[in-house]
Amino acid sequence: MSSFIEWRTEQGHKQPWLITNEDSTLAVAALWDVWRGNEVPLWSCTLITTEAAPEFLPWHSRMPVMLSREECVRWLDNAAEIPPDDPLFRAELKFPLVLHPLASSIGNSRNKNAALLEPVGEVVWLESG
């Protein structure tokens, strides 16, 4: 995926943060399905989360399970059986993250403006452990 948004309370208000990877897309564990019970198929997706890595903990107590290139191959192997206690699910940054503060107006679904993804303050860098 290209990014995700986390909200945290700062000075009494909720602040949205856009989280990206400067070098490439974010590789995360996710599941998808398609339901074909109606005329139009319904596609759905869910991210697999884990405890937050220590570097990410100031933003949220949980985070997506991040995957290295090697782990992506394993995750996408339909024949692989990956138990819930597998090290793949450990709370670890597998690549550096870039966090951009955003305007809180991004939380209003009526707002449809690309400018909402522009940083409104200092960018934060989290190095992978």
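What follows draws every value from the coordinates through simple rules; no lab data is involved. Nothing here was measured: the structure is a model prediction, and the numbers come from that model. Note that we place each Cβ from the backbone using ideal geometry, even for glycine, and neighbour counts take in every protein chain shown.
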Just the residues that are surrounded by 11 or more Cβ atoms within 10 Å (Cβ to Cβ) and within 15 Å of the chain's Cα centre (by Cα), please, taken from the range 61-71. R62, M63, P64, V65, M66, L67, S68
For the range 93-114, does any single residue satisfy the condition of being of a type in the set (F, W, Y) and farther than 18 Å from S3 by Cβ? no
Of all strands (runs of 3 or more DSSP E) completely enclosed by the range 1-113, which ones contain at least 1 residues that are over 24 Å from V123 (Cβ atoms) and without any contact (Cβ under 8 Å) to a residue 12 or more places away in the chain? 30-35, 42-47
Which residues, taken from the range 78-129, are under 17 Å from the mean Cα position of the chain (by Cα) and among the acidic types (D, E)? E92, E127
Suppose we filter the range 32-51 for residues that are of a type in the set (A, V, I, L, M) and either surrounded by 10 or more Cβ atoms within 10 Å (Cβ to Cβ) or under 15 Å from K94 (Cβ atoms) (or both); how many remain? 3
Residues being surrounded by 11 or more Cβ atoms within 10 Å (Cβ to Cβ) and within 12 Å of P16 (Cα to Cα) - total across the range 87-129: 15
Subset of the range 19-60 (residues that are of a type in the set (S, T, N, Q) and under 13 Å from the mean Cα position of the chain (by Cα)): T20, N21, T25, T46, T49, T50
